[in-house]
Each structure stands twice: as structure tokens, then as C-alpha cells.
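Undergrad: My questions all concern the structure below.
The values are calculated or read from the model by the stated rules, or taken from the named source; none is laboratory data. Note that the structure is a prediction, hence the values are computed from the model and not measured. Glycine also receives a Cβ, built like all others from the backbone with ideal geometry; neighbour counts cover every protein chain displayed.
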Amino acid sequence: MKTGVERDPFQQPVIRHLAWLCRAPQLYRGALTFDPVDWLPNDYLQQLQYWDRHPESMPDLLRQAAPRRLGLYFEQLYACLLQDLLGWPLLARNLQVRDQQRTLGELDFLVRNPQTGDVEHHEIAVKFYLGHTDAETRQPYWFGPNSRDRLDLKTARLLQHQTRLAAQPAAQPVLESLGLQAPPTPRIFMPGYLFYPCQGKLPAPEQADPDHGQGRWCYASEVLALEPEGWVVLHKPHWLVDWQQPEAPLPGRLLQAAAEVQQSGRACLLARVVAAPTGWVEVERLFVVPNNWPEVPSKG
């Protein structure tokens with residue numbers, strides 16, 4: 001649970017989301033981790049404030065309608081971060097690598113770091129994982145709301161496949177078409193949130209930043225044990241940052257959401273808000289999942 005109740009200084013949601021990208025703790029911390037804040041100019045906050053006060057001056061990427069898929073919106077924000085905040089030349093985006101008739105994968109971003117002169121290959125993802133202990137092995141796993149996604153499997157694919165893609169022989173022709181003779185330096189950017197079970201304790205995964213974004217999760221049948229009021233359903237792309245709103249939340253929303261989750265079989269993300277001097281702000285977030293989640297916890 002968050003202790004502060006101050007409203008975010010930015011008014012434009014897209015600016016709030018971009019500001020979060022600049023400093024977000026990550027779910028993978030390792031040798032390949034890319035931290036934008038290490039490269040951002042000292043006045044980047046002033047630039048964000050200017051765009052926030054003058055929306056007509058925002059880059060085209062920020063003025064476009066947000067895609068319905070959160071991953072596509074996240075890519076859009078990241079492209080703006082690279083080009084318009086960092087000022088790095090973007091050489092390619094979603095560049096396919098093919099081996100004859102077979103697609104091996106895509107390179108998310110190829111950029112030139114003007115401070116080092118290196119070309120970098122950035123693989124990015126924004127993720128939301130819920131901690132669950134396997135009933136047989138007592139091993140903790142971190143599943144996505146869709147339990148086919150899992151933190152350790154995603155990380156392994158990033159490290160063993162996606163970041164190595166540009167070094168494969170099949171990538172050489174597409175790199176040469178961009179004037180590149182050597183494989184670019186791989187980087188990983190994977191911010192997000194980890195949700196801990198309301199019942200019991202679970203250790204944080206060692207690979208995540210200690211100050212990673214956090215929340216709780218519970219089954220739809222367990223919501224009666226929680227604070228009943230003050231909840232707001234969060235819709236994408238507003239999963240990225242703490243929610244704020246000018247009006248008081250509607251009553252009974254948590255119970256209604258739990259009933260909808262059990263009926264639809266789809267998890268729901270909610271934020272609990274409290275009154276602040278300038279409105280209502282998030283103090284905690286909660287995933288409510290169907291009672292049969294995760295249906296088949298794959299061990300990989």
C-alpha cells in the first residue's frame with residue numbers, strides 16, 4: 001500500500017505514462033538492463049512539463065490515439081522516449097528477421113546511442129505478474145493474468161532468443177541493408193508490476209528491482225475480506241501509472257467487479273483511491289482473478 005496521497009503533477013495521461021517509463025523500476029535487473037534515466041538530459045522533466053501544459057506541442061507519437069493493445073501503446077511511448085526525449089536516431093522498429101520462408105522473430109528497436117556511437121538493439125515489454133505457489137512443489141511462480149504467460153519463461157526467452165536474434169546469420173542481410181556491419185549491442189527494458197497474494201507471503205523474485213511496482217491479488221470469492229469501498233476499475237492503458245480522478249469512486253464497485261470476473265473468467269485490475277487535496281488518488285491496486293486461476297500452471 002502506498003503511503004503518500006499527493007496527486008501526480010502531470011495532467012495529460014499520456015505525459016504521465018511517458019514520465020513513468022523514464023524512471024520505472026524493472027522486472028529484470030541484469031547485465032543487459034537498459035535504464036533510460038541514466039541517459040536522459042537533465043532538463044527532461046521540464047520538457048515533459050512543457051508538453052503537459054501545451055498539448056499542441058507534443059510529438060506526433062503522443063498526440064495519436066492510444067492503441068487498444070497495451071503492448072502497442074507501450075512501444076509508441078518508448079519510441080517517443082528514444083527519439084524526442086533522448087534524441088537518439090531510430091534506425092528500425094519491429095524489424096523482421098527471416099530464415100528463408102521462416103520468421104525467426106522481430107527486433108523491437110534498433111537505435112544509435114550518440115553518446116557512445118554504438119548501435120543498440122532494444123527488446124522491450126511491460127508486464128504484470130501475480131505470484132502463485134505451486135500446491136505440489138511449493139515453488140513460487142509469477143503468472144500473468146493470462147496464466148500462459150510467466151515471468152521466468154518470458155525472461156528466458158528475452159535472454160536466450162530475442163536479444164540474440166541480431167547476432168544470428170539470418171539477421172545479417174537486414175542489418176547490412178541499414179549500413180550495419182556488426183551486430184548491435186543488446187538491451188532489455190521490462191518495467192511492470194508484481195502482485196502478491198492477499199493470503200500468505202511470497203518472496204520477491206531475485207531478478208526484479210527491489211523497488212518494483214507492487215500490488216495484491218485475490219480470488220473473486222475472497223473480496224469480502226477486503227476493504228469494501230473506494231475501488232475503481234482500471235482499463236488499459238491506465239494500468240501503467242497510479243490512478244487519479246476528480247470525483248469520488250462509485251460504491252459497491254469491488255463486489256460488482258468480482259461477480260463480473262467470475263462470470264467472464266477474465267481477471268480485473270482495480271485501484272483503491274482516497275481523497276486528496278486536489279481529488280482522489282490511488283493508494284493500492286488489486287487484481288481479482290477467477291476462482292480457478294491459474295487453470296494449468298505450466299512448469300515449463
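Undergrad: One residue is enough: does the stretch 34-48 have a residue meeting the conditions out of contact with any helix residue (DSSP H, G or I) (no Cβ under 6 Å at 6 or more places or on another chain) and within 21 Å of Q162 (Cα to Cα)?
TA: yes
Undergrad: Here's a follow-up. Hey, can you tell me all the residues within the stretch 21-62 that are polar (S, T, N, Q) and in contact with a strand residue (DSSP E or B) (Cβ under 8 Å, 6 or more places away or on another chain)?
TA: Correct list: Q26, T33.
Undergrad: Pick from A258, A248, A271: which is over 23 Å from the mean Cα position of the chain (by Cα) and within 23 Å of Q11 (Cβ to Cβ)?
TA: A248
Undergrad: Anything in the stretch 241-256 that is without any contact (Cβ under 8 Å) to a residue 24 or more places away in the chain and of a type in the set (A, V, I, L, M)? List them, or say none.
TA: Residue satisfying the conditions is L250 alone.
Undergrad: Just to be sure, is R138 of a type in the set (K, R) and farther than 30 Å from A170 by Cα?
TA: Yes.
Undergrad: Give the residues of the stretch 48-102 that are in contact (Cβ under 8 Å) with a residue 24 or more places away in the chain and among the acidic types (D, E), sorted by residue number.
TA: The answer is D52, E75, D84, D99.
Undergrad: Can you tell me which residues in the stretch 78-101 are out of contact with any strand residue (DSSP E or B) (no Cβ under 6 Å at 6 or more places or on another chain) and not aliphatic (A, V, I, L, M)?
TA: Of everything in the stretch 78-101, those that are out of contact with any strand residue (DSSP E or B) (no Cβ under 6 Å at 6 or more places or on another chain) and not aliphatic (A, V, I, L, M) turn out to be C80, D84, G87, R98, D99, Q100, Q101.
Undergrad: Quick check on this structure: which one of A271, A258, A220 is buried (at least 18 other Cβ atoms within 10 Å of the Cβ), touching a Pro at 6+ places or on another chain (Cβ under 7 Å) and modelled with pLDDT of 95 or more?
TA: Answer to the selection: A220.
Undergrad: Ok, one more. Go over the candidates V281, V288 one by one and state the one that is outside any helix (DSSP H, G or I) and in contact with a Cys (Cβ under 6 Å, 6 or more places away or on another chain).
TA: The unique qualifying residue is V288.
Undergrad: Determine the pairs where a residue that is farther than 17 Å from R164 by Cα, located within the stretch 107-118, has a partner that is hydrophobic (A, V, I, L, M, F, W, C) and outside any strand (DSSP E or B) with Cβ atoms under 7 Å apart, the partner being 6 or more residues away or on another chain.
TA: Matching pairs, first to second residue: R112/W88; N113/W88; P114/W88; Q115/W39.
Undergrad: Quick one: is L130 over 19 Å from P25 (Cβ atoms), out of contact with any helix residue (DSSP H, G or I) (no Cβ under 6 Å at 6 or more places or on another chain) and in contact (Cβ under 8 Å) with a residue 40 or more places away in the chain?
TA: Judged against the criteria, L130 is not a match.
Undergrad: Same structure again: Among the listed residues H235, H212, which satisfies the condition of being under 28 Å from A125 (Cβ atoms), loosely packed, with under 14 Cβ neighbours inside 10 Å, modelled with pLDDT of 95 or more and of a type outside the set (F, W, Y)?
TA: H235
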